[in-house]
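The values are calculated or read from the model by the stated rules, or taken from the named source; none is laboratory data. The structure presented is a predicted model; accordingly, all values stated were derived computationally and were not measured. Cβ sites come from the backbone with ideal geometry, for glycine too, and all protein chains shown count toward neighbours. For the accessible areas, the whole protein counts, side chains as well, though only heavy atoms, and no ligand, DNA or RNA atoms are used. Shrake-Rupley method; radii C 1.70, N 1.55, O 1.52, S 1.80 Å.
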Amino acid sequence: MSTRATTESPIMRAGLITVALVFLGFFLLLPLLAVFSEALREGAGPFLDALHTPDALAAIRLTLLIAAISVPLNMIFGIAASWAITKFQFPGKALLITLIDLPFSVSPVVSGLIFVLLFGANGLFGAWLAEHDLKIIFAVPGIVLATVFITFPFVARELIPLMLEQGKDDEEAAISLGANGWQTFWHVTLPNIRWGLLYGVLLCNARAMGEFGAVSVVSGHIRGETNTMPLHVEILYNEYDFVGAFAVASLLALLALVTLVAKTVLEWRFGLHAGARH
Amino acid sequence: MIHLRGITKRFGDYAALHGIDLDVAPGEFIALLGPSGSGKTTLLRIIAGLEFQDGGTVLLGGEDVSRTPVADRHVGFVFQHYALFRHMTVADNVAFGLSVRRGKGRLPKAARRARAEELLRLVQLEGLGSRYPGQLSGGQRQRVALARALAIEPRLLLLDEPFGALDAKVRKDLRRWLRDLHKAMGLTSIFVTHDQEEALELADRVVVMNQGRIEQIGAPDAVYMNPETPFVSHFVGETNRLPAPGGEIHFRPHEITLAADGAEALLVDNVFRKGAVWRAEGLLEGSGQFVELDLPSSGEAPRLGETIRFHPHRARMFNAAGDQTQGETR
């Protein structure tokens with residue numbers, strides 16, 4: 001009798017698998033195929049031409065720049081936050097853990113608005129910034145700020161459970177052997193967390209390049225200047241330049257696919273089971 | 001070698017240690033024995049400098065190290081779960097303390113290699129230097145951890161439940177091996193354990209701890225034969241307790257004489273062979289107290305339901321406050 005609760009009939013099993021596959025195909029595979037087929041509808045030539053326009057190239061460059069700034073920053077912030085949370089006891093720790101998740105729970109549009117309210121022309125620091133001729137909103141610094149905010153949790157959330165599980169013994173062993181803080185971090189902690197860190201950075205990067213909502217609010221959509229790839233896709237689409245829109249979109253989709261493959265390789269190679277935490 | 005004076009430690013509202021005084025002579029092998037929550041590991045970590053006391057002083061070799069961090073105390077620390085660096089080879093693990101050294105005390109790489117090899121030979125793991133910790137058994141890993149701790153030539157070796165994660169057979173072998181190593185090296189060592197057998201077998205002196213206090217310090221034989229408190233009597237070795245006017249009488253299962261006119265009568269409820277003796281368990285007639293007795297296995301096994309008459313020939317009496325009122329011998 002005990003097997004009945006866990007074993008389904010073959011028909012039931014086949015049915016469930018079919019439903020899952022149809023669902024996946026309809027909601028994931030079909031759109032992905034659509035992106036590439038739309039992009040290549042008029043052949044490879046127009047596809048490449050669309051990517052070669054100055055505005056598209058500027059958007060790609062800007063997206064890479066934003067990721068190149070915000071991913072390393074969040075790597076450092078993420079390590080620092082996880083280190084503090086897992087290796088030390090201090091007042092306000094529970095609050096810090098909650099705050100780390102804030103960017104996940106707040107709508108990206110609101111996240112963008114926060115920065116407009118702080119640094120915009122009528123914002124809290126607006127007058128001071130104008131006085132010193134500093135531009136944050138509708139400029140690259142604003143996009144970096146919004147992206148850093150949105151992607152902050154990825155590295156920290158990957159590392160905190162990992163570092164909690166590993167405990168403090170290795171670090172204590174290292175310092176009892178005479179290592180200083182930096183040696184302990186570099187020779188002991190970092191190698192222990194390297195694959196989890198890489199995984200977090202990968203997810204962080206995917207989101208940094210793909211973020212739309214928050215960036216859209218702070219960017220101002222200035223072509224060739226403050227347009228990232230996702231924003232550029234929207235502009236082209238609204239202008240009925242479907243090949244152009246889908247060509248840029250296909251690059252983003254490609255990034256997603258590369259991320260997925262890299263993530264799978266990491267999981268397979270190092271037995272990470274981090275997927276359950278997202 | 002070590003002098004602890006009035007060590008106190010609190011974790012929030014919880015008092016982990018209440019004024020610990022302890023003196024350890026050079027070359028001594030000391031066991032800190034107690035149940036979990038007795039403060040033994042906290043005390044060991046305070047001696048190491050991995051934790052800092054709230055009050056009191058720690059003297060190592062005459063030097064006040066009360067506020068000295070672990071990195072500057074030159075103590076070897078061995079963890080229950082080895083804490084080996086899993087991404088480094090065994091040899092690199094052993095040489096870690098030498099390779100992080102800066103300044104003129106730093107050895108050249110070849111000398112560090114040679115020292116690691118020498119230590120691996122000492123812990124009988126010669127030739128395994130190029131393996132990774134994950135490729136070793138538990139007992140081997142703990143020996144690597146020991147070699148790593150010895151590499152910095154510590155003035156003191158501290159071991160936190162060093163055999164806790166090992167299975168019984170390996171534990172026994174490693175225990176004997178550690179005792180021999182301690183004798184050969186003459187290093188002052190302190191180890192923490194909750195296993196009284198381990199403490200009695202290895203240590204020159206046993207420090208029995210309970211609820212953040214030292215209950216008794218003494219040679220293994222003294223602690224076993226003459227426990228000073230009811231806790232020690234109960235925690236170290238097996239003890240039967242009989243209520244008595246004004247307190248309790250404690251005696252070991254083997255501290256009895258069988259006699260037809262014995263004052264006590266045990267109604268045998270369970271019998272099994274315990275090594276060289278028969279162990280008979282049951283309730284006493286009259287008081288209904290549960291007791292365990294050891295009977296020579298040269299005789300016949302006691303039968304279930306049988307009544308055994310006996311009297312304790314050696315026992316200790318504790319009053320209600322836990323003070324020993326008399327060590328009684330009949």
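Numbers at a glance
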item	result
Percent carbon-and-sulfur accessible area, chain A, ignoring ligands, DNA and RNA, probe 1.4 Å	72 percent
Diffusion coefficient, µm² s⁻¹, Stokes-Einstein with Kirkwood Rh over alpha-carbon pairs of the stretch B:54-122 at 37 °C and 0.692 mPa s	229 µm²/s
Where only C-alpha atoms are counted, convex hull volume of the stretch B:234-305 per residue in Å³	102 Å³
Coarse-grained scattering of the stretch B:45-199 at q = 0.13, 0.17, 0.19 Å⁻¹, given as base-10 log I(q)/I(0) from a Debye sum over alpha-carbon atoms	-0.62, -1.04, -1.26
Share of carbon and sulfur in the accessible heavy-atom surface of the stretch B:98-164 [1.4 Å probe, %]	47 percent
Per-peptide average of other Cβ atoms within 10 Å, ordering B:144-151, A:184-191 highest first	B:144-151, A:184-191
Normalised contact order of chain B, rounded percent, pairs of Cα under 8 Å and 6 or more residues apart	16 percent
C-alpha center-to-center spacing [the stretch B:255-330, the stretch A:43-82] in angstrom	82 Å
Mean Cα-pair separation over length for the stretch B:175-308, i.e. relative contact order, pairs under 8 Å, 6 or more apart, %	14 percent
Relative pair counts by distance (%), Cα atoms of the stretch A:1-127, 10 Å bins	9, 15, 22, 22, 21, 8, 2, 0
Surface accessible to a 1.4 Å probe, per residue, for the residues of the stretch B:68-119, Å²	45 Å²
Kirkwood hydrodynamic radius of the stretch A:54-171, from inverse mean 1/r over distinct Cα pairs, in Å	16.2 Å
Å² per residue, accessible surface of chain A at 1.4 Å	55 Å²
Cut-off under 5 Å, modelled amide H: who pairs with B:GLN216 long-range	B:VAL208
Interface residues, the stretch B:66-85 - accessible area loss of 30 Å² or more versus chain alone, probe 1.4 Å	B:VAL70, B:ALA71, B:PHE79, B:ALA83, B:PHE85
Estimated translational D of the stretch B:200-330 in µm²/s (Stokes, Kirkwood radius over Cα pairs; 4 °C; 1.567 mPa s)	83 µm²/s
Computed log₁₀ I(q)/I(0) - Debye formula, equal Cα scatterers, no solvent, the stretch A:155-278, q 0.10 Å⁻¹	-0.49
Entries of A:LYS87/A:LYS263; A:LYS87/B:LYS172; A:LYS168/B:LYS40; B:LYS40/B:LYS109; B:LYS172/B:LYS274 with Cα pairs more than 29 Å apart	A:LYS87/B:LYS172; B:LYS40/B:LYS109
Sites B:ALA25 and B:MET185 - FRET efficiency at Förster radius 22 Å, r taken between beta-carbons, to 0.05	0.90
Cα-Cα P(r), the protein assembly as shown, percent of pairs per 10 Å interval	3, 12, 16, 16, 15, 14, 11, 6, 4, 2, 0, 0
Interface residues in the stretch A:182-196 - accessible area drops by 10 Å² or more relative to the isolated chain, probe 1.4 Å	A:GLN183, A:HIS187, A:VAL188, A:PRO191, A:ASN192, A:ARG194
Between the stretch B:53-115 and the stretch B:120-155, the alpha-carbon center distance in angstrom	15 Å
Extreme residue, positive dipole direction of chain A, given options A:ALA81, A:ALA174, A:GLY92 (C-beta unit charges)	A:ALA174
Spin-label pair A:ALA34/B:LYS172, simplified geometry with 7 Å Cα→Cβ offset, distance in nm	7.2 nm
FRET E, pair A:LEU24, B:ASP269, Förster distance 41 Å, beta-carbon r, rounded to 0.05	0.05
Descending Cα extents along the principal axes, chain B, whole Å	78, 43, 33
Cα-based Rg and Dmax for the stretch A:2-72, where Dmax is the largest Cα-Cα distance (Å)	22.0, 66
For the pair B and A, total buried accessible area rounded to nearest 100 Å², probe 1.4 Å	1700 Å²
Other protein chain Cβ atoms within 10 Å, averaged over every residue that makes up A:237-250	0
Residue-wise HN-Hα coupling along the stretch B:291-306, computed from phi with Karplus coefficients 6.51, -1.76, 1.60 (Hz; x: Gly, Pro)	9, 10, 10, 9, 10, x, 7, 5, x, 6, 5, x, 9, 4, x, 6
Long-range HN-HN contacts of B:GLN289 with modeled amide H, under 5 Å	B:LEU284
Debye equation applied to the C-alpha atoms of chain A, log10 I(q)/I(0) at 0.07 Å⁻¹	-0.36
Using a Förster distance of 35 Å, the FRET efficiency for B:LEU258-B:ALA219 (Cβ separation, nearest 0.05)	0.70
Two-site label geometry, A:PHE242 and B:HIS311: point separation in nm, points 7 Å out along Cα→Cβ	10.8 nm
Residue mean of other protein chain beta carbons inside 10 Å, B:217-227	0
Per residue convex hull volume, Cα atoms of the stretch A:110-226, in Å³	147 Å³
Rel. contact order, % - alpha carbon contacts under 8 angstrom, at least six apart, chain A	30 percent
Under Karplus coefficients 6.51, -1.76 and 1.60, residue-wise ³J(HN,Hα) of the stretch A:227-236 in Hz, glycine/proline x	9, 8, 4, x, 5, 5, 4, 5, 4, 4
Cut-off under 5 Å, modelled amide H: who pairs with B:SER66 long-range	B:VAL58
1.4 Å probe, heavy atoms, protein only - residues of the stretch A:160-177 losing at least 20 Å² accessible area vs chain alone	A:GLN166, A:ASP169, A:ASP170, A:GLU172, A:ALA173, A:ILE175, A:SER176, A:LEU177
Protein accessible area in the stretch B:211-260, 1.4 Å probe - carbon and sulfur %	56 percent
Degrees between helix B:138-151 axis and first principal axis of chain B (Cα, 0 to 90, nearest 10)	50 degrees
Environment charge at B:PHE231 (Cβ cut-off 13 Å; Lys +1, Arg +1, Asp -1, Glu -1)	-1
Inter-probe distance in nm under a simple model that places probes 7 Å from Cα toward Cβ, at A:LEU124 and A:PHE104	2.5 nm
